[in-house]
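To start, the structure itself, in structure tokens.
The values are calculated or read from the model by the stated rules, or taken from the named source; none is laboratory data. On a predicted model such as this, the values are computed, not experimentally measured, just so you know. Neighbour counts run over all protein chains shown; Cβ positions are idealised from the backbone, glycine included.
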Amino acid sequence: MMEKRTVLYIEDNPHNRRLVRRILEQYGFAVVEATDGPGGLALVRELVPPLVLLDIGLPGMDGIEVVTLIKADEKLRHIPVIALTASAMPGDRKRFIDAGCDDYLAKPISAPVLLQKVAEYYPEETPN
Ligand code: MN
């Protein structure tokens, strides 16, 4: 069992990883990181994390492919996936949601908006 409230963040940009880690750790989350699509998908399968933050532009396999594979797997599809990306072209939000993302956050990352989304999608604690 993971002890702290864990978030998996799949992101190739070290600056964004450091920023998100700093924000979430301040609020008591443990952040597990992957830096490419295949590594991220492997960690989703291994950890079955309560929440995934997902960059879209990733080496190896892009975020659209990663979320598609998560949502195609009946053991994983319950995991909320929030896309975090600088892509702001018209239609991008629809593309992410259509691929299976539960929500979408535009970069640059804002701490209050990130925390609000994580709180909104983080699953309720299950009493023992
Ligand atoms: Mn990227």
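Every test in (1) within 16 Å of the ligand (Cβ to nearest atom); (2) surrounded by 20 or more Cβ atoms within 10 Å (Cβ to Cβ); (3) in contact (Cβ under 8 Å) with a residue 60 or more places away in the chain is passed by GLY63 save one, and that test is (3).
Here region 40-59 is the region considered, the condition is being more than 19 Å from PRO123 (Cα to Cα) and surrounded by 17 or more Cβ atoms within 10 Å (Cβ to Cβ), and the residue that is farthest from the ligand (Cβ to nearest atom) is LEU41.
If you go through region 7-29 and keep only what is touching a Leu at 6+ places or on another chain (Cβ under 8 Å) and surrounded by fewer than 18 Cβ atoms within 10 Å (Cβ to Cβ), you end up with ASP12, TYR27.
Looking across region 7-31, the residues that are within 12 Å of the chain's Cα centre (by Cα) and closer than 12 Å to LEU54 by Cα come down to VAL7, LEU8, TYR9, ILE10, GLU11, ARG17, VAL20.
Figure legend. Inter-residue proximity from region 73-98: first residues surrounded by 17 or more Cβ atoms within 10 Å (Cβ to Cβ), second residues modelled with pLDDT under 90, beta-carbon distance below 7 Å, spacing 6+ or different chains. Indicated pairs: LEU84/LYS107; THR85/LYS107. Being within 16 Å of the ligand (Cβ to nearest atom), under 17 Å from VAL113 (Cα atoms) and touching a residue at least 24 places away in the same chain (Cβ under 8 Å) is the filter here, so list the residues in region 1-34 that pass it. Listed by number, the residues that qualify are TYR9, ASN16, LEU19, VAL20.
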